[in-house]
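Just below is one structure, and these are the notes that go with it.
The values are calculated or read from the model by the stated rules, or taken from the named source; none is laboratory data. Since the structure is predicted, the reported quantities are computational estimates derived from the model, not experimental observations. Ideal geometry is used to build each Cβ from the backbone, glycine not excepted, and the neighbour counts take in all protein chains shown. Calculation scope for accessible area: heavy atoms of the full protein, side chains included, ligands and nucleic acids excluded. Shrake-Rupley method; radii C 1.70, N 1.55, O 1.52, S 1.80 Å.
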Amino acid sequence: MQRYLALALVITGCEGAAAFGQNVSRLYPHEKLKADATRWEEQIRAEYRETILPQLTDAERAALSVIKIEIPISGPKGDPFEFYSGGSTIFLPALSLRFYSDLCVANAWLNAHGFEGTTVRDYVGWLFRQAAASSRAPLPPVFRTLGVPDNAREEAAVTNRSDRNFGNTIVFLLGHELGHALKKHRTDLRDPIQKRNQEIEADQFAIEVMRRIGQVPLGLEV
């Protein structure tokens, strides 16, 4: 089920077409995203096996036994918050993971150095407007645009906070998509209220999974 990361509050601050996301697949080189997909694939599958699966009931594990996790280079629309599921497969595109990871690092570095927390939100809004204005012009890179040094992760406080937020959100996303699969939600709904209710049910399952694990969805702060 297509999902434009409702928990990513940065989207809510954008105007016009930006509110629906934009194709930003050209923001990163294809080879970089390909390497990211290879690196994250096993890491995220391991997170599912070792962190989430042990917390599911026998009935839930049986119902989700056919679930697969795939890390494509990007989603079909090239949107940076394009996490979705289809049938028995959960898709977490490398483009979306890389963009969110960079936002986590930027947010952690900016907070550590006394900058406003709205800076990242404003950047996303500007990025979407630039992407909407031209389908070919280069897009403003995350770190350089926000004044974040390339070696920001060398600061322990930045690494700890960004890794916590990123990992925490991955667990939530997996739980959300598992919720769709467990509830057998339909992907062809046109009624916005029914669609919203399905998203709420999936969120509720994700929150319940995190409660069992003993985590609070701190990644929401990004």
Exercise. Got a number for the accessible area of F91? Probe 1.4 Å, square angstrom, nearest 10.
Worked result: 50 Å²
Exercise. Kyte-Doolittle mean at least -1.0 and Cα extent at least 15 Å along the axis: which DSSP H helices of the chain qualify?
Worked result: 94-112, 118-133, 156-182, 192-213
Problem set entry | Fluctuation leader among P93, P29, P72 - the chain, Gaussian network, Cα springs under 10 angstrom | P29
Exercise. Given the C-alpha centroids of the range 138-199 and the range 68-82, what is the distance between them in whole angstrom?
Worked result: 12 Å
Problem set entry | For S88, net neighbour charge (Lys/Arg +1, Asp/Glu -1) across residues whose Cβ lies under 15 Å away | +3
Seminar exercise, completed: Taking every other residue with Cβ under 10 Å from the Cβ of F143 and scoring Lys and Arg +1, Asp and Glu -1, one gets -1
For this session: Would you mind telling me which residue in I69, I90, I193 has the biggest mean-square fluctuation in a Gaussian network model of the chain, where springs connect alpha carbons within a distance under 10 angstrom?
Result: I193
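Where the only charges are on Cβ atoms (+1 Lys, Arg; -1 Asp, Glu), what is the dipole of the chain about its Cα centre, to the nearest 20 debye?
420 debye
What dipole magnitude, in Debye to the nearest 20, does the range 95-159 give about its Cα centre under +1 on Lys/Arg Cβ and -1 on Asp/Glu Cβ? Please list the in-between numbers first.
On the way: 6 positive and 6 negative charges, 67 e Å.
Once rounded to the nearest 20, the dipole reads 320 debye.
For the range 156-222, which trypsin sites (Lys or Arg not before Pro) are both in a DSSP coil and crowded by at most 16 other Cβ atoms within 10 Å?
For trypsin sites (Lys or Arg not before Pro) across the range 156-222 that sit outside H, G, I, E and B with at most 16 neighbouring Cβ atoms in 10 Å, the list reads K183, K184, R186, R190.
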Problem set entry | Close Lys-Lys pairs in the chain, where close means Cα under 27 Å and separation is 8 or more or interchain | 13
Problem set entry | FRET efficiency for A157 and A63, using Cβ-Cβ distance with R0 set to 41 Å, rounded to 0.05 | 0.50
Problem set entry | Efficiency of FRET from Cβ geometry, E42 and Q194, R₀ 25 Å, rounded to 0.05 | 0.10
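So if a site counts as exposed when it's one of the GluC sites (Glu not before Pro), its DSSP state isn't H, G, I, E or B, and it has at most 10 other Cβ atoms within 10 Å, what's the longest stretch of the chain without one? Please report the intermediate quantities before stating the final value.
Details: sites that count: E15, E116.
By the stated rule (loop sites, at most 10 other Cβ atoms within 10 Å), 117-222.
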Seminar exercise, completed: Restricted to the chain, the DSSP antiparallel beta bridge percent, nearest 5, is 60 percent
For this session: Once you've got the GNM for the chain with C-alpha springs shorter than 10 Å, pick whichever of N165, N151, N23 has the biggest mean-square fluctuation.
Result: N151
Seminar exercise, completed: Charge dipole of the range 125-170 built from unit charges on the beta carbon (Lys, Arg +1; Asp, Glu -1), centred at mean Cα; most positive-end Cα among V148, A132, T159 is A132
